[in-house]
Amino acid sequence: MSAIDHYINAIIVGGGAEALEDGSAAIEAHHLLLAIAAHEGTAAHRVLLAAGLGRQAIREALDREFEHSLSAVGVSVASFDLPEPSRDPKRAPKIGASARLAFERGFAASTGKKDLRPAHLLLGLLDTHIGTVPRALALAGVDRADLMARARETLAHESW
Amino acid sequence: MPAEETPVPKDPADALAAVVALRRLADQLEDAAVEQAMRAGWSWPDVAEALGVTRQAVHKKHSKRLISAGVTLRRRQ
């Protein structure tokens, strides 16, 4: 397996752990973003960190998006006080529709498999104005277009 | 919140995001509520009836999780 194959595998495994923690049956795009932010040693990780988007900051932005979206229909998470449910640590979440789209967009952002790097996958996650990821970033005051520009910049100058 | 005060999202993006968030909240509530019921000694058929689903569905969705958490489950009737 090439380095990018190992990386994609690590992001899927990391995204799966995030989905499990969420109680989500599927790995969605925002789980992959959390996994990219938690995986050190890539330009994608450096771009996120430089924008103040460490894993924890992204988690908080996602929580805010969840609360914000619920409040639009008059629902407050705080009004539910059931105990935290147990998770099945052996369950392997499947790749969801939003994660699949993000991978496709990331692959399309590269010129081919040999060119494909982590920053392309980050671009794939950022290259949409629809869904949980752009909504969470907007609520956190992050300029998505600027973040994409920075990711593209690293692709021109950095090997990984 | 009284019904007359409940806001209606004007932007389709907000309305659609609310659907996603409500599904997620419903899933979280289901996990917590089923576990709470089973820990309180409810049976699978009773939980299934309360949720309006078949007992096979509720068993398939929750049994592994609860067994690995060490919850003592009543036998299926």
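The values are calculated or read from the model by the stated rules, or taken from the named source; none is laboratory data. All values reported here derive from a predicted model rather than from experimental measurement. Neighbour counts run over all protein chains shown; Cβ positions are idealised from the backbone, glycine included. Remember, those area values only see protein heavy atoms, side chains included, never the ligands or the DNA or RNA. Shrake-Rupley method; radii C 1.70, N 1.55, O 1.52, S 1.80 Å.
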Among A:LEU139, A:LEU123, A:LEU20, whose mean-square fluctuation peaks in a Gaussian network model of chain A (Cα, cutoff 10 Å)?
A:LEU139
Could you compute Rg(Cα) / (2.2 N^0.38 Å) for the stretch B:23-71, with N its residue count?
1.04
D for the stretch A:49-110, whole µm²/s, Stokes-Einstein with Kirkwood Rh over alpha-carbon pairs at 4 °C and 1.567 mPa s: what number?
85
If DNA, RNA and ligands are ignored and the probe is 1.4 Å, what is the ranking of A:HIS45, A:HIS6, A:HIS157 by accessible area, most exposed first?
A:HIS157, A:HIS6, A:HIS45
Solvent exposure of chain B as accessible area per residue, Å², 1.4 Å probe:
66
If you take each beta carbon of peptide A:84-92 and count the beta carbons of other chains within 10 angstrom, what is the mean?
6
Largest first and in whole Å, what are the equivalent-ellipsoid semi-axes of the stretch A:78-160 based on the Cα gyration tensor, each being the root of 5 times an eigenvalue?
30, 19, 11
Computed helical MRE - 222 nm, the protein assembly as shown, DSSP H runs ≥ 4 contributing -39500 (n - 2.57), nearest 500
-20000 deg cm²/dmol
Taking a quarter of the surface of the Cα convex hull of the protein assembly as shown, what do you get in nm²?
15.1
